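Nothing in this text is a laboratory measurement; each read-out follows from the coordinates by a stated rule. Note that the structure is a prediction, hence the values are computed from the model and not measured. Backbone-built Cβ (ideal geometry, glycine too); neighbour counts: all protein chains shown.
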Amino acid sequence: MVGLVAAICENDQINSYFAHGCMERTNFMVNYVFRMPYTEATMLEVLRKGSIVPLGLFHKSINEFEYKGFTIPNDIIFLSNTYAVHHDPEYWEKPYEFRPQRFITATGEFRKDERVIPFSVGKKSCPGEKLAMIQFFLFLTGLLQKFEFTLNPNEPVPCLDMKAGFVIPPPPHKLILKDRRN
Ligand code: HEM
């Protein structure tokens, strides 16, 4: 969440979108997400750029099988490199930049992308995906509706580059929260 906010702080468009577009609503509901394309795009971009579970979980083959010309032997442990999928320079324009607009069409609608796979894919993908997305939307909109987030000008801009690990947490850093009602 802190990493998300840090990325959002650098993007004035998001702060002003919430300042001007969402103040009249008192409580966000889950189904509002379909009416908020820029918010949905921001969530997807956070999951792409953040890639918080970069390699998924360990899986083991129980039979030898062929995949795209490769023979995968029996009894092999393998990991899916979702971080690489999310940062493939041959697919993404400027993959290391935080750009929610990559998921917005020319007519302003949200555009899903099958290359964003933070919960992995297939039968063993994350069973918590729906719950996670609901919580993500409610926390994000609830916080951004009530507070304006900025980076602390007296602190260095936090580095959100990948650090190897099972999950990629954001580095510790300080933010300034201003109540939007004042
Ligand atoms: C943004 C939040 C989350 C992300 C990015 C995420 C991502 C993942 C990924 C990549 C896997 C591995 C899939 C694979 O084996 O290839 C996984 C597994 C799993 N996740 Fe999540 N997850 C999130 C939230 C949650 C939540 C909220 C729950 C439960 C309430 C949950 C429960 C699980 C469980 C139980 C597994 C293991 C499934 C199995 O191996 O059978 N996750 N998650």
**Request:** Taking the Cα centre of the stretch 63-182 as origin, sum charge times position over the Cβ atoms of Lys and Arg (+1) and Asp and Glu (-1), and report the length of that vector in debye to the nearest 20.
**Result:** 600
**Message:** Could you tell me the center-to-center distance, by alpha carbons, between the stretch 49-67 and the stretch 74-89 in angstrom?
**Reply:** 6
**Request:** Give the long-range amide H neighbours of Phe147: residues separated by 5 or more places, or on another chain, with amide H under 5 Å away, using H modelled in the peptide plane at 1.01 Å from N.
**Result:** Arg180
**Unsatisfied cross-links (Cα-Cα over 30 Å) in the set Lys112/Lys163; Lys60/Lys94; Lys112/Lys146; Lys123/Lys174** = Lys60/Lys94; Lys123/Lys174
**Request:** Using the Karplus curve 6.51 cos²θ - 1.76 cosθ + 1.60 with θ = phi - 60°, work out ³J(HN,Hα) for each residue of the stretch 172-179 in order, rounded to whole Hz, and write x for Gly and Pro.
**Result:** x, 7, 9, 10, 10, 10, 10, 5
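Determine, from the Cβ-Cβ distance of Leu57 and Ala84 and an R0 of 22 Å, the FRET efficiency 1/(1 + (r/R0)^6), rounded to the nearest 0.05. Can you show the working numbers first?
Numbers: r = 16 Å, r/R0 = 0.74.
Using R0 = 22 Å, I get an efficiency of 0.85.
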